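One structure is given below, encoded as structure tokens.
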Amino acid sequence: MNSLVALDTTIRSRTVFISDVHLGFPGCSAEFLCDFLDRVECETLYLVGDIFDFWYMKRRRYWPKAHGEVVHKLMKKARHGTRVIFVPGNHDEVVRAYDGMDMGCIEIHDRIIHETADGRRMLVLHGDQFDSVVRCSPWLAKIGCVAYGALLQLNIFLNGFRRVFGLGYWSLAAFLKNKVKNAVKYISSFEDAVVRAAAEDGVDGVVCGHIHRAEISQVNDILYMNCGDWVESCTALIEKQDGSIELLQWRDRAERLKVHAAKPRKATGGLVGDLAA
């Protein structure tokens, strides 16, 4: 059921959901997110957890300019009429202490029900509540976070090598996640737990993040939707004005926009036509 939103210069939507940005972590694709925020217009923007990576920032100070620009763009949207709702995750769990409050025009909710334009009720939460490793062995989860960071550094090297030969982006982390039996089992167990919680709440669907795996799938009577992440996949869920929700992958689009910007402008045709070619 996953689909890609058509390429366009501006994306106008009713609602946008993003998660797992990990600002303050070297693997964050903040430049791509800045590009996305510049090009998207919405009535409501959900930040579905792990927007900040306080786990990493406790160990090492890392805050480049692009990370600050993301915060600036989010605040600007909140000040100019977009309803911005922050649903904290485990990496920014300190914000959960402010559940129900407004902070600088941004609402804080540990979990919230979103109603789509066609009347469906969606439970929105980060999802770490259903991760047995995070709940039962937080120290093991933090070790895993360090290992993931090392894997991303290796990924940067591999993709630099691929670019030399004109090859596109490839995620080593995603490849291993899909191939390793225990990782596949973990993802399946997580999804089952989230869907069960949504069914118990009597909603039509659930929007979450946490596992860095973007997906839209129907599980029995529950629509399961995962925002993905802005570390590698750079994905978002987009609700259109009719209430339908689609998955958008921004990394490929942003890279194509960069290529387009580097080329001389044509005498005829616009950005949309050039990108569609």
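The values are calculated or read from the model by the stated rules, or taken from the named source; none is laboratory data. Computed from a predicted structure; not experimentally measured. Don't worry about glycine lacking a Cβ; one is built from the backbone with ideal geometry, like all the others, and counts go over all protein chains shown. Heavy atoms of the whole protein, side chains included, go into the accessibility calculation; ligands, DNA and RNA do not. Shrake-Rupley method; radii C 1.70, N 1.55, O 1.52, S 1.80 Å.
A compact table of results
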{"read-out": "Hits in segment 222-254 (condition: crowded, with 20+ Cβ neighbours inside 10 Å and of a type in the set (S, T, N, Q))", "value": "N226, S233, T235"}
{"read-out": "Close pairs from segment 34-57: first of a type in the set (S, T, N, Q), partner in a strand (DSSP E or B) and surrounded by fewer than 20 Cβ atoms within 10 Å (Cβ to Cβ), Cβ under 6 Å, at least 6 apart", "value": "T44/R83"}
{"read-out": "Scan of segment 88-112 for residues that are assigned to a helix (DSSP H, G or I) and of a type outside the set (A, V, I, L, M), ordered by number", "value": "E93, R96, Y98"}
{"read-out": "Subset tally (residues that are buried (at least 18 other Cβ atoms within 10 Å of the Cβ) and of a type in the set (G, A, S)) for segment 27-84", "value": "5"}
{"read-out": "Out of V21, V84, sole residue that is under 14 Å from T235 (Cα atoms) and either over 14 Å from the mean Cα position of the chain (by Cα) or not polar (S, T, N, Q) (or both)", "value": "V21"}
{"read-out": "Residue match in segment 99-117 (condition: among the small types (G, A, S), modelled with pLDDT of 95 or more and in contact with a Gly (Cβ under 6 Å, 6 or more places away or on another chain))", "value": "yes"}
{"read-out": "Single unsatisfied condition, E107 versus (1) among the charged types (D, E, K, R); (2) open to solvent by less than 40 Å² (accessible area, probe 1.4 Å); (3) within 25 Å of S233 (Cβ to Cβ)", "value": "(3)"}
{"read-out": "Answer residue from segment 121-137, given it is at pLDDT 50 or above and either in a helix (DSSP H, G or I) or open to solvent by 70 Å² or more (accessible area, probe 1.4 Å) (or both) and is farthest from G89 (Cα to Cα) among those", "value": "R121"}
{"read-out": "Residue count, segment 16-26 (criterion: on the phi < 0 side of the Ramachandran plot and surrounded by fewer than 24 Cβ atoms within 10 Å (Cβ to Cβ))", "value": "1"}
{"read-out": "Unmet criterion (only one of (1) modelled with pLDDT under 95; (2) at negative phi; (3) not aromatic (F, W, Y)) for D204", "value": "(1)"}
